[in-house]
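Down below is the structure, laid out as structure tokens.
The values are calculated or read from the model by the stated rules, or taken from the named source; none is laboratory data. Everything numeric in this text was worked out from a predicted model, so none of it was measured. Positions of Cβ are backbone-derived with ideal geometry, glycine not excepted, and every protein chain shown enters the neighbour counts.
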């Protein structure tokens, strides 16, 4: 089980290791770019339209991701007026043994931005006490639920599903 | 099922409605303060120690929460050097029919800060296509899993569990 996993339909894993990779993952918009490239290669124009952002913004963040080895140039296509460059993700799944707090914050920031588009999302947080056995069981159940859900046909709506379980810092109990 | 739910061991619900309440919920630290008050009343000193922050910071954010009607003064206690004021949450569960994107972002920001303390949390995001029936089923399963997990004894470790499921914006599919 990975401490940190982002999966997009498939399984080839990139281990997040280098400072450039952690830096690349420290910005919510770059997570959204990586999410947008999940289904396949896209041009800067397509990404800008899809994410509702300026092409210059997309180009800047793509460059950071490319330099970190997380995005790479794909095929080109001849169109009226020139050549269009497609970009693709160089991995299918990100894994990191060290959960970096900036990466976590940026990833959850990107999820918050995606959540904002759905008028009726499920978002449920609970704080509770668990025995180590209960925590381990709940962790496996949640992780498997995300892994085992079967992908529907390509004409069906796109969803994001997120699960998290973490041990909280023990604060002095109020007396 | 609520679009937005934060539960802490019990069930009396506060409906998030007023601008002051939304403003109060727009800051990650205020979510952490509300989380910290989940188990019971605490003093500013206790909260500052528990959250690793200055007392002035705690006092400022408590004031915002108190003005929004989400925190209220509880009992006082006589100690050497004066009187200690305890503060408590005025509700057990927050519900909001309108998911406000600032609240969502701040709540997830608070979760990111809590996650950073656990060296080995579960954090798993997946993007996939689902039929409306699959989405509804997964939503119920995740929501029930969080609701139905039984709370362990007060001497067991404290955990946070978060589940989210949302429909993503349909971007033009890459060609």
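For region B:113-124, how many residues are at the interface with another protein chain (Cβ under 7 Å from one of its Cβ atoms) and either touching a residue at least 60 places away in the same chain (Cβ under 8 Å) or assigned to a loop (DSSP other than H, G, I, E, B) (or both)? Please lay out each step first, then the result.
Within region B:113-124, the first condition is being at the interface with another protein chain (Cβ under 7 Å from one of its Cβ atoms), and the residues that meet it are B:114-118, B:120-124.
Now drop any that are not either touching a residue at least 60 places away in the same chain (Cβ under 8 Å) or assigned to a loop (DSSP other than H, G, I, E, B) (or both), which leaves B:114, B:116-118, B:120-121.
Total meeting the criteria: 6.
Inspect region B:97-120 for any residue being more than 18 Å from the chain's Cα centre (by Cα) and more than 29 Å from residue B:19 (Cα to Cα) and give the result as yes or no.
Checking region B:97-120: at least one residue is more than 18 Å from the chain's Cα centre (by Cα) and more than 29 Å from residue B:19 (Cα to Cα).
Looking at residue B:24 and the list (1) free of Cβ contacts under 8 Å to residues at least 24 places away in the same chain; (2) within 19 Å of residue B:107 (Cβ to Cβ), which single condition is not satisfied?
(1)
Residue B:108 - would you say it is surrounded by 15 or more Cβ atoms within 10 Å (Cβ to Cβ) and at pLDDT 90 or above? Quick ask: steps written out before the conclusion?
On the way: surrounded by 15 or more Cβ atoms within 10 Å (Cβ to Cβ): yes; at pLDDT 90 or above: yes.
Answer is yes for this residue.
For region A:56-72, enumerate the residues that are free of Cβ contacts under 8 Å to residues at least 40 places away in the same chain and loosely packed, with under 15 Cβ neighbours inside 10 Å.
Filtering region A:56-72 down to residues free of Cβ contacts under 8 Å to residues at least 40 places away in the same chain leaves A:56-63, A:66, A:71-72.
A:56, A:59, A:60, A:63, A:72 - these are the residues of region A:56-72 that are free of Cβ contacts under 8 Å to residues at least 40 places away in the same chain and loosely packed, with under 15 Cβ neighbours inside 10 Å.
Which strands (runs of 3 or more DSSP E) sit wholly inside region B:5-105 and have at least 3 residues that are within 10 Å of another protein chain (Cβ to nearest Cβ) and at pLDDT below 90? Give the steps one after another, and end with the answer.
On the way: elements: B:5-8, B:13-15, B:71-79, B:82-89, B:93-95.
Ranges flagged: B:5-8.
What number of residues in region B:142-162 are within 7 Å of another protein chain (Cβ to nearest Cβ) and either part of a helix (DSSP H, G or I) or under 27 Å from residue A:31 (Cβ atoms) (or both)?
Total meeting the criteria: 8.
Exactly one of these conditions fails for residue A:139: (1) more than 25 Å from residue B:35 (Cα to Cα); (2) in contact (Cβ under 8 Å) with a residue 60 or more places away in the chain; (3) facing chain B (nearest Cβ under 7 Å); (4) outside any loop (DSSP other than H, G, I, E, B). Give me its number.
(1)
Consider residue A:125 carefully, then state whether it is crowded, with 21+ Cβ neighbours inside 10 Å and in contact with a helix residue (DSSP H, G or I) (Cβ under 6 Å, 6 or more places away or on another chain).
Working: crowded, with 21+ Cβ neighbours inside 10 Å: yes; in contact with a helix residue (DSSP H, G or I) (Cβ under 6 Å, 6 or more places away or on another chain): no.
In short, no.
Checking the condition at pLDDT 90 or above, touching a strand residue (DSSP E or B) at 6+ places or on another chain (Cβ under 8 Å) and under 30 Å from residue A:84 (Cβ atoms), which residue from B:167, B:158 passes?
Of B:167, B:158, the one residue that is at pLDDT 90 or above, touching a strand residue (DSSP E or B) at 6+ places or on another chain (Cβ under 8 Å) and under 30 Å from residue A:84 (Cβ atoms) is B:167.
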